[in-house]
Every structure is written in C-alpha cells, then in structure tokens.
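Reviewing the structure listed below.
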Amino acid sequence: MQNTFDVLVLGGGAAGLSLALRLPEKLSIAVICKDVLQENSTNYAQGGIAAVLESDDSFAAHVQDTLVAGAGLCDLAAVKFTVENAPESIQWLIGLGINFTRSDDKNYHLTREGGHSHRRIIHSADSTGRDLEETLIRATKSRSNISVFENHIAIDLYKHDNHCLGAYIYNEAEDRVDAFSAGKTVIATGGASRVYLYSSNPSVTSGDGIAMGYRAGCQVANLEFNQFHPTCLYHPLAGASLITEAMRGEGAQLKLPDGTRFMPAFDERGELAPRDIVARAIDHEIKRLGIRHVWLDISHKPAEFIREHFPNIYQKCLDLGIDITREPIPVVPAAHYTCGGLKVDLNGQTGIDSLYAIGEASCTGLHGANRLASNSLLECLVFGASAARHMLASGVSRPQQPIPPWDDSRVEKAREEVLLLHNWEEIRRTMWNYVGIVRSFERLRRAKSRIDMLKVEIQDYYSRHRVNRNFIELRHLIVVAELIVEAALKRDKSVGLHYNIDCPT
Ligand code: FAD
Ligand code: SIN
C-alpha cells in the first residue's frame with residue numbers, strides 16, 4: 001500500500017511529537033510508532049527537564065555543567081544552542097497545558113540531579129515523562145493534519161541521489177510492508193539501550209533509526225558512550241524500573257550491605273557525582289564484595305516528604321514489599337541512554353537531503369562523552385523545534401513519484417522464531433558482559449568476533465525470509481551493536497562513559 005505525506009516522522013516520543021506539533025496545520029504529517037503511541041522512553045522519564053528558570057542561575061552555569069559532564073567532547077555551539085533555547089521550550093509545554101509541580105502558587109519546584117551546580121530540573125513529581133507524553137498526545141489528537149500509525153515498524157529508508165523520499169514500514173496488524181513517501185523524513189526513533197541485557201528502557205529502544213540511517217549512508221558519532229543509570233530497582237518482578245537520580249538530589253545515600261556509605265571514597269561530590277562515576281563505583285563494589293546490588297537509602301527523610309516527592313516510586317516499591325520511608329531500596333546500574341547516534345547539525349539535518357534525526361537517535365554534540373541528567377528531554381524539545389523551523393524555511397513539497405512498492409515475492413515466511421530469540425539474547429548478553437560499564441580490549445575483541453558471526457546469520461536469514469517485528473528489530477540491533485563495538489575499539493583513551501582498563505584516562 002502507498003501512503004504519501006508532506007512529512008513522515010518515525011517515532012512518537014518527545015522528539016517526534018514536538019516536531020509534528022511545531023509544524024503548521026496545512027502540512028500533512030504521518031507519525032509512525034512501532035508500539036502504541038505512549039510506549040517509549042519519554043513516557044518513563046522521571047526526574048525532569050533541565051532549564052535555566054531562575055534569576056540566580058545562568059546559561060553560562062548550565063553550559064559549564066554540561067561541558068564538565070561531557071568530559072571535553074561536547075560541541076560548544078550545540079550546548080549553547082540547547083541551553084539558550086531551553087526556557088522557550090518549557091514555556092511552549094506550559095502553553096500546551098503540562099502540569100509541572102509547583103512549590104507555591106507562583107513558582108515551579110526545581111529539583112537537583114548529579115552534575116548540576118544549581119537546582120534547575122523542572123518536573124511533574126517523579127513522573128515527568130508521563131505528564132509530558134500525555135500533554136503531547138493530547139495536543140496531537142487535537143490536530144487533524146497529524147495521522148498516527150501505531151504498531152507500524154520502519155524497516156529501511158528509501159533514498160535516491162542522496163535524497164530521502166520516505167521509508168518502508170511493516171504494518172503488524174495486516175502483516176504487510178507499506179511504502180510511505182514524503183517530502184521530509186524524520187528519524188525520531190529513540191536510543192539503543194536495549195542492545196544491553198539489562199536496561200532501564202522500554203523494549204522499543206533497539207536503535208532502529210540509527211541502524212536505518214547508517215545503512216542509508218548517514219554518519220554516526222559517539223556510539224561508544226552509552227550511559228548506565230546507577231540506580232535501577234533490583235527485584236525479580238520490577239522489570240526495567242528506574243529510581244530517579246532526583247532522589248539522590250534530595251538526599252538519598254548509596255550504601256553497602258553493612259550500611260556504610262561508599263560514594264565519598266570515590267568522588268568528593270558523593271552521590272551527586274556524574275553518572276559514569278557513580279555507576280562505576282557501584283559496579284566496583286558489587287564485583288569487589290560479590291554482592292548482587294547495593295542499597296539506596298532515603299528513609300532518614302520525613303515520610304511525608306518522600307511520599308510527596310516520589311509518589312510513584314513509593315507506590316511501586318510498596319507493591320513489591322519495600323517501604324522506602326523505612327528501609328533502603330536494592331539498586332543496580334543498567335543501560336539507560338545512548339549519547340551517540342546519527343550526526344546532525346543545529347537543525348537536526350543529517351548528511352542526506354530531506355532527512356532529519358532528532359532526539360536520542362541523533363548526535364547533536366550536546367552530550368559529548370557523557371550526558372548531564374535531564375538534558376535529553378530538553379534536546380528532544382529544542383531540536384524538534386529547530387528541525388521544524390528549518391523544514392519550513394527550506395520548503396516542504398511531496399515527492400513527484402511515490403517510492404517503489406516493497407517486493408517480498410521471492411522470500412518465504414519465517415518459520416523458526418527460536419533462531420531469532422537466541423540471536424537477541426546472545427547479542428544483548430555479549431554487549432552486557434564485554435561492552436558494558438567497564439571494558440578491555442580483550443572483551444571488545446571477543447564481542448566483535450561474536451557480532452561478526454551473528455551478523456552473517458541474521459543477514460542470511462533476512463535474505464530468505466519475510467519480515468516480522470522481532471526480526472526487523474534484530475536486524476537493526478546487530479548493526480547498532482557492531483557500531484558500538486567498533487567505536488569502543490577505536491577509542492584509545494578512557495573518557496566519560498567509555499572506560500577501558502587497558503587505556504589511560
Ligand atoms: P522515545 O521517547 O524513546 O520515542 C521513540 C519512538 O520511536 C517511539 O514512539 C517508538 O515506538 C518509535 N520507534 C522506534 N523504532 C521504530 C521503528 N523501527 N519504527 C517505527 N517507530 C519506531 N531524560 C531526561 O531528560 N529527564 C529524565 O528525567 C529522564 N528520565 C528517564 C527515565 C527513564 C526510565 C528512561 C528510559 C529515560 C529517561 N530519560 C530522561 C531519557 C529520555 O526519556 C529519552 O532520552 C527521551 O525520552 C527520548 O525521546 P525520543 O523521542 O528521542 O525517543
Ligand atoms: C532520572 O530521573 O534519574 C533520569 C534522569 C535522566 O535520565 O536524565
């Protein structure tokens with residue numbers, strides 16, 4: 001089936017929806033999501049959005065904190081651009097009706113997270129992402145020019161003479177591949193943290209847009225810098241549950257099983273050191289003591305304060321039998337955020353004409369070697385707006401010819417799901433064990449040889465079988481795994497999130 005739109009947006013998280021909403025209603029826009037609209041990382045964000053909102057804070061301080069976290073590898077122009085556009089993005093969300101937490105009738109409550117020299121995280125209690133995604137979805141549903149396609153999975157971009165003309169998309173309900181033609185195509189497919197066995201992310205984040213962009217010829221950058229969030233709930237029934245860094249911002253302490261704090265011995269900023277330092281310290285203590293997790297303790301704070309600031313985490317833990325007002329929370333690090341991605345300029349433009357990348361799938365230069373907490377939702381909003389402005393300025397016109405239909409007449413239906421499931425598990429375990437928080441050249445070389453072998457298997461299967469969701473994601477995942485390993489092998493110094501015991505810092 002053919003579909004033709006002015007703008008094709010792959011992804012319905014903060015990046016994709018804010019771009020769609022910043023475009024005028026005269027343009028027809030398709031938003032594609034591989035699950036239901038609200039299933040994405042945005043929806044699970046807890047801490048908040050960083051922005052300079054008080055007169056005793058400054059752009060210079062937010063820029064400086066971002067540069068320090070990024071360990072010297074940020075792009076200064078991208079950092080300034082994002083920080084300076086942050087207040088406008090927050091005002092835009094307030095205009096859409098978002099329900100940020102207030103400290104009194106006049107002021108919003110600003111919380112603090114690791115690496116920030118000032119309280120500057122605006123938030124909706126401990127479920128900012130849900131409030132944000134609901135606000136964007138409400139606005140999207142009120143716009144008749146935006147068509148949302150749920151349970152549609154992008155397979156590949158279609159390009160002619162370095163010009164992107166749309167994408168092939170698997171329609172899961174109908175079990176067929178549709179061709180979507182568009183004047184402009186936007187990759188807003190989120191990050192790739194599900195390439196690791198343990199992740200704070202929902203299952204949609206398999207790096208699909210990064211893989212599609214790379215296959216089409218886009219440059220990628222900084223993929224060796226995958227952020228591991230220090231504190232994910234350790235419980236067999238918890239799934240991918242984050243315990244927000246804002247809890248440490250409000251005084252929670254990391255402790256060993258005997259109750260002693262350990263972070264001050266690793267960094268003078270203690271629990272609020274940048275995430276790479278905290279995650280490595282936890283990893284170190286877990287391996288040194290042979291324990292399964294460490295403890296995060298906020299029980300010294302008044303119970304009322306805890307319930308008011310962290311209502312969702314309080315309830316989730318209570319449902320699992322942990323009363324965080326009285327006892328510590330078992331936590332471990334997990335893969336959380338992809339700092340690298342498709343290389344873009346300040347307008348979200350890739351090197352391919354009419355192809356943009358925004359949000360976690362992109363690499364704007366904002367994060368460098370490590371992302372400062374709560375700068376990512378901000379980046380989605382700022383670059384959603386700048387890409388929309390650029391599209392309008394450069395003119396949007398539909399392709400004259402629709403892209404050719406997908407041809408799967410020579411392949412058969414996939415029969416052996418077990419092969420795919422095994423490949424999935426193998427990639428994610430290999431990445432966790434060999435390309436995780438702490439790396440070495442030997443581990444990286446082992447990862448490479450396994451990924452090379454898996455790549456051949458997956459490519460061979462792809463050449464003979466019709467696609468399904470699992471298979472499409474697996475094909476994207478192996479590309480991202482390979483790119484991460486290659487980037488990690490090339491980096492000859494430990495910096496930011498890339499820590500190789502064979503390399504100097
Ligand atoms: P997402 O929100 O992940 O959306 C991706 C979209 O792409 C989805 O709609 C998905 O269905 C779609 N998609 C993916 N692949 C395909 C495909 N092949 N075909 C079609 N559609 C596809 N950041 C902060 O700044 N502050 C926080 O407090 C914060 N807390 C976080 C807490 C958690 C638990 C997590 C996981 C992340 C958190 N982050 C936070 C990071 C932040 O949420 C993400 O970086 C951000 O939401 C990414 O937005 P996005 O729009 O780029 O991608
Ligand atoms: C958190 O709330 O700890 C996550 C914040 C982020 O990832 O920016």
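Here is how the numbers come out for the structure above:
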| read-out | value |
| --- | --- |
| Any hit, region 32-44, residues being within 21 Å of the chain's Cα centre (by Cα), open to solvent by less than 10 Å² (accessible area, probe 1.4 Å) and within 26 Å of GLY496 (Cα to Cα) | no |
| Qualifying residue in region 106-113 (condition: assigned to a loop (DSSP other than H, G, I, E, B), under 22 Å from the mean Cα position of the chain (by Cα) and polar (S, T, N, Q)) | no |
| Candidate set from region 395-440 (those that are over 28 Å from the mean Cα position of the chain (by Cα) and small (Gly, Ala, Ser)); member that is nearest to VAL467 (Cα to Cα) | ALA414 |
| Unique match (being of a type outside the set (Phe, Trp, Tyr), in contact with a helix residue (DSSP H, G or I) (Cβ under 9 Å, 6 or more places away or on another chain) and either away from ligand 2 (no atom under 16 Å from the Cβ) or closer than 30 Å to TYR108 by Cα (or both)) among VAL177, VAL148 | VAL148 |
| Hits in region 1-31 (condition: open to solvent by less than 10 Å² (accessible area, probe 1.4 Å) and over 22 Å from the mean Cα position of the chain (by Cα)) | VAL7, LEU23, ILE29 |
| Residue selected from region 1-39 under the condition of a type in the set (D, E, K, R) and not in a strand (DSSP E or B), by the criterion nearest to GLY207 (Cα to Cα) | LYS34 |
| Test: residue in region 233-252 that is of a type in the set (Ser, Thr, Tyr), in contact with a Cys (Cβ under 7 Å, 6 or more places away or on another chain) and within 30 Å of GLY290 (Cβ to Cβ) | yes |
| Region 384-397, residues that are out of contact with any helix residue (DSSP H, G or I) (no Cβ under 7 Å at 6 or more places or on another chain) and at negative phi | SER386, ARG389, HIS390, MET391, LEU392, ALA393, SER394, VAL396, SER397 |
| From ASP178, ASP156, ASP161, residue being free of Cβ contacts under 8 Å to residues at least 60 places away in the same chain and either touching a Ser or Thr at 6+ places or on another chain (Cβ under 9 Å) or under 23 Å from ALA211 (Cβ atoms) (or both) | ASP161 |
| Tally of residues being among the charged types (D, E, K, R) and either in a loop (DSSP other than H, G, I, E, B) or in contact (Cβ under 8 Å) with a residue 40 or more places away in the chain (or both) across region 444-485 | 7 |
| Close pairs from region 351-366: first over 22 Å from VAL396 (Cα atoms) and touching a residue at least 12 places away in the same chain (Cβ under 8 Å), partner open to solvent by 10 Å² or more (accessible area, probe 1.4 Å) and among the β-branched types (Val, Ile, Thr), Cβ under 9 Å, at least 6 apart | GLU360/THR189; ALA361/THR189; CYS363/VAL220; CYS363/VAL344; THR364/VAL344; GLY365/VAL344 |
| Identity of the residue in region 232-246, in contact with a Leu (Cβ under 7 Å, 6 or more places away or on another chain) and either within 11 Å of ligand 1 (Cβ to nearest atom) or of a type in the set (A, V, I, L, M) (or both), that ends up most open to solvent (accessible area, probe 1.4 Å) | LEU237 |
| Pairs where the first residue, in region 1-28, is under 15 Å from GLU379 (Cα atoms) and the second is open to solvent by 10 Å² or more (accessible area, probe 1.4 Å) and within 16 Å of ligand 2 (Cβ to nearest atom), C-beta under 6 Å, 6+ apart | GLY13/ASN40; GLY13/THR42; GLY13/GLY190; ALA14/THR42; ALA14/LEU377; ALA14/CYS380; ALA15/CYS380 |
| Enumeration of residues in region 48-84 that are among the polar types (S, T, N, Q), open to solvent by 40 Å² or more (accessible area, probe 1.4 Å) and outside any loop (DSSP other than H, G, I, E, B) | GLN64 |
| Selection count where residues are among the small types (Gly, Ala, Ser), surrounded by 14 or more Cβ atoms within 10 Å (Cβ to Cβ) and part of a helix (DSSP H, G or I), scope region 247-265 | 1 |
| Count of residues meeting criterion [touching a helix residue (DSSP H, G or I) at 6+ places or on another chain (Cβ under 9 Å) and over 15 Å from VAL480 (Cα atoms)] in region 435-466 | 13 |
| In region 27-60, the residues that are away from ligand 1 (no atom under 16 Å from the Cβ) and within 22 Å of TYR337 (Cβ to Cβ) | none |
| Boolean, GLU442 is open to solvent by 20 Å² or more (accessible area, probe 1.4 Å), within 16 Å of ligand 1 (Cβ to nearest atom) and either modelled with pLDDT of 95 or more or in contact with a strand residue (DSSP E or B) (Cβ under 7 Å, 6 or more places away or on another chain) (or both) | no |
| Test: residue in region 313-323 that is of a type in the set (Gly, Ala, Ser) and open to solvent by 10 Å² or more (accessible area, probe 1.4 Å) | yes |
| Filter result for the condition that a residue is at pLDDT 95 or above and part of a loop (DSSP other than H, G, I, E, B), over ASP502, ASP492, ASP408 | ASP502 |
| Subset of region 159-191 that is buried (at least 24 other Cβ atoms within 10 Å of the Cβ) and more than 10 Å from ligand 1 (Cβ to nearest atom) - its residue that is nearest to LEU10 (Cα to Cα) | VAL186 |
| Residue within region 205-227 that is without any contact (Cβ under 8 Å) to a residue 12 or more places away in the chain, away from ligand 2 (no atom under 15 Å from the Cβ), in a loop (DSSP other than H, G, I, E, B) and surrounded by fewer than 20 Cβ atoms within 10 Å (Cβ to Cβ) present | no |
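The values are calculated or read from the model by the stated rules, or taken from the named source; none is laboratory data. Computed from a prediction, not measured in an experiment: that's the story for all the values here. As a convention, Cβ positions derive from the backbone with ideal geometry for all residues, glycine included, and neighbour counts pool all protein chains shown. With ligands, DNA and RNA removed, areas are computed over all heavy atoms of the protein, side chains included. Shrake-Rupley method; radii C 1.70, N 1.55, O 1.52, S 1.80 Å.
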